[in-house]
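Undergrad: So that we are looking at the same thing, I have put the structure below in structure tokens.
No value in this document is a laboratory result; all are computed from the given coordinates. Predicted model, so just to flag it, every value in this text is computed and none were measured. All Cβ positions, even for glycine, are placed from backbone atoms using ideal geometry, and neighbour counts span all protein chains on display.
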Amino acid sequence: MNTQIGKLRGQMHLLKEMIVKNEREIKSNLSMANRAKNTNKKSIMVLKARKAGRLKDSNMKLDELYTKMEVLYRVLVKMYENSEIMLEDIQDQVQVKEQEYKAIKASHSAMNQAKNIISGNNDKREMFDLALDAIANDVSQKVGEMERFMDMTTNFMDSVDLQNGVFEEEGLELLNKWEKESESLLLGNDKNKILDQANNDADVLDLDSPIKIERDSAHGNQYDSLFD
């Protein structure tokens, strides 16, 4: 996923440079059209004005493309962050349960409890197995979601030709469909937040900012409740 994020970041840098270059050319052509108008050079005025118009149309499409790329980038980064937290939660949960098992087994005073949990109490054993199955199912669904999104990202990027400033509508349609779909298991409430950020001109994305894995202190291990 890191490789895909890096590739997308590079493409976004190139696209932003293209948009900025077009903006400079638009201003330059409008300025030349204005000078041509003042000197009665009608043909030059029309030529430069039309060129500025074509560049404006091009930038509208490129801006739309950049916004979609920003959605992809923000989602991939958030998925990466959440997957790292999920991995940490699983490792912590396994470690805690291993420690609990060893402590119970090693302590003579807790032998009866150990027998209950490990072998003597089928209900508790079944609940423990169900909790492990629930974790495996949750992880499987979230990994599947990540893989599908990464495939969509790859297909979208393959449909983009930055050299000629064109992209296939099918790639945009796939992303638009994903945006309108139901909740994301891995992103949760962050999905709508990401879409709002990407479409908010005031919320500027810093492509050079390093990815930071930050856990919300208000939230504990996401799998703790399965073992209550």
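Undergrad: Sort Leu174, Leu14, Leu65 so that the residue with the fewest other Cβ atoms within 10 Å of its own Cβ comes first and the one with the most comes last.
TA: The order, fewest Cβ neighbours first, is Leu14, Leu174, Leu65.
Undergrad: Fully extended, how many nm does the chain gain between Ala202 and Glu145 (0.36 nm per residue separation, minus their Cα-Cα distance)?
TA: 17.6 nm
Undergrad: I would also like to ask the following. What is the gain in length, in nm to one decimal, between Val46 and Asp158 on full extension, counting 0.36 nm per residue of separation less the C-alpha to C-alpha distance?
TA: Extending this stretch completely gives an extra 36.6 nm.
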